[in-house]
Ligand SMILES: C[S@@+](CC[C@H](N)C(=O)[O-])C[C@H]1O[C@@H](n2cnc3c(N)ncnc32)[C@H](O)[C@@H]1O
């Protein structure tokens, strides 16, 4: 299998660079998991196998087909291995996550309440096994039994008011308060994290994007603040974004050039524009030209990412002539969002391209249009751009309505001229609440 031939050397290298206290999670679907497990057993040692986690990522309604001869496929698999189980144990490298108790459990067991409303259950204080496990036998509150704890501890519990007889009972119990319990330990079957199809707010348009909750669970359970998270198939950077938010260091690797643009946009929306480095991407005009030649879409995504734009989001609608959009609020963060539309061009251009963008700006009721060009624009193009109306901001400043930025400008740190407020692309906490369609409606409403 070509897939295994690709994975085996990569897993070997990942094992090589993983710290002794580190953990690997390999996410795959059930078609691959039983092939990958023996490979991982060989690379990591079967004694370091920790879990096969079943993640229910969808419901049967997405996979049920009339006439099918198999059960609907609703889960993915995460194989978890320690680099060294003993080192992970010594470093306490796993923090068990807990989920709230379900209502049925609460109604069955937490049936008692203090006068102040604090809910509790009663737990058995007698020892299991009738003394066969070495528990002590003595008299406590007039009852002689084998008890779970020694007399001193029982008396302490009593003093704290944590021992109680059931109204009809003859044996004392221990009060266990609900608000002191961590919840139910999450096991190796995860049914509480929804797949991407339900997560509109997080959607970036990357086809294999994973939910942040999935990465958050893994990262919080297996790392501490300041640890390093490496995702060698990072796609649109869910692991990168979550690791950043959880204050872990991170490295993301992906073979697809477009991933970097998406990740840059994603980090920008988190307020992170610096403090990381992107490697093996064009650093000069010549390298950018080579990328534009070899992978035009990758080139477009890469340069838009520098401007904090998620390029994939634009692919979804019929946004003719637009490769990217940014939104900003002029003045207070309320009311009408303003819009900058971007067009990226790799080839030889003329004033016609500037006029086309002017048409798009009008059609979209945007405030500013930016043409991003690989080559230096001609004097005629600059002249054409200068004929466009300026955008007047709330504080009466003027900004050119049509702007041209070269790739070199962008690499040198030049950005569109616009009012000095944070720009937003999708999804953004503020804009995501409404979504692209609703923002467009809002724009029309204000037009
Ligand atoms: C399943 S996706 C990962 C999705 C990611 N978890 C996210 O939330 O976006 C797998 C990724 O692996 C990348 N990929 C495939 N082959 C690769 C290789 N040999 N080296 C690095 N990345 C590769 C693909 O481009 C794709 O983005």
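Read-outs: derived from the displayed coordinates by stated rules, not from any lab. Computed from a predicted model, the values in this text were never measured in an experiment. Please note: Cβ atoms are built from the backbone with ideal geometry, for glycine as well, and neighbour counts cover all protein chains shown.
If you build a Gaussian network model of the chain, linking Cα atoms that sit under 10 Å apart, which residue out of 345, 225, 151 swings the most?
For the chain, modelled as a Gaussian network with Cα springs under 10 Å, the answer is 151.
To one decimal place, what Kirkwood hydrodynamic radius in Å is obtained for the stretch 99-180 from all pairs of distinct Cα atoms? The partial results should precede the final answer.
On the way: mean 1/r = 0.0719 Å⁻¹.
This gives a value of 13.9 Å.
How would you rank 301, 236, 28, going from fewest to most other Cβ atoms within 10 Å of each one's own Cβ? Display every interim value, and only then the final one.
On the way: 301 26, 236 29, 28 17.
Fewest to most other Cβ atoms nearby, the residues stand as 28, 301, 236.
Rank 397, 123, 222 by mean-square fluctuation in a GNM of the chain with C-alpha springs under 10 angstrom and give only the top-ranked residue.
In the Gaussian network model the winner is 123.
Summing -39500 (n - 2.57) over the DSSP H runs of n ≥ 4 in the chain and dividing by its residue number, what mean residue ellipticity at 222 nm do you reach, to the nearest 500 deg cm²/dmol? Write out the running numbers ahead of the final one.
Numbers: 15 runs with 145 residues, N = 447.
For the chain, the value works out to -9500 deg cm²/dmol.
Give me the Debye-computed log₁₀ of I(q)/I(0) at q = 0.06, 0.09, 0.11 Å⁻¹ for the chain, equal point scatterers on Cα only, no solvent, two decimals.
Scattering profile of the chain, log10 relative to I(0): -0.42, -0.78, -1.00.
Compute the distance in nm between two label points, each set 7 Å from the Cα along the Cα-to-Cβ direction, one at residue 143 and one at residue 63.
The modelled label-to-label distance comes out at 5.0 nm.
Measure nothing but the geometry: give the 0 to 90° angle between the long axis through the Cα atoms of 33-44 and the longest principal axis through the Cα atoms of the chain, rounded to 10°.
That helix lies at roughly 80 degrees to the long axis.
Report the calculated FRET efficiency for residue 90 and residue 397 (r = Cβ-Cβ distance, R0 = 60 Å), to the nearest 0.05. Kindly include the intermediate steps, with their values, before the conclusion.
Working: r = 60 Å, r/R0 = 1.01.
About 0.50, to the nearest 0.05.
What FRET efficiency, computed as 1/(1 + (r/R0)^6) with R0 = 41 Å and r the Cβ-Cβ distance, is obtained for residue 348 and residue 17, rounded to the nearest 0.05?
Calculated value: 0.40.
Over the Cα atoms, compute the radius of gyration (one decimal) and Dmax (the largest Cα-Cα distance, rounded to a whole number) for the stretch 18-124, in Å.
Cα radius of gyration and Dmax of the stretch 18-124 are 20.6, 59 Å respectively.
Taking neighbour Cβ counts within 10 Å as the exposure measure, how do 348, 260, 255 sort from fewest upward? Can you show the working numbers first?
On the way: 348 10, 260 23, 255 7.
Ascending number of Cβ neighbours within 10 Å: 255, 348, 260.
For the stretch 180-282, state the average projected area of the convex hull of the C-alpha atoms over all orientations, rounded to one decimal in nm².
Values: hull surface 32.4 nm².
The number I arrive at for the stretch 180-282 is 8.1 nm².
Relative contact order (percent) for the chain, with alpha-carbon contacts under 8 angstrom and 6 or more residues of separation? Walk me through the numbers on the way to the answer.
Working: 716 pairs, mean separation 44.0, N = 447.
Over the chain, the number comes to 10 percent.
Can you tell which of 168, 23, 111 shows the greatest fluctuation in a Gaussian network model of the chain with Cα springs below 10 Å?
Judging by the Gaussian network model, the answer is 168.
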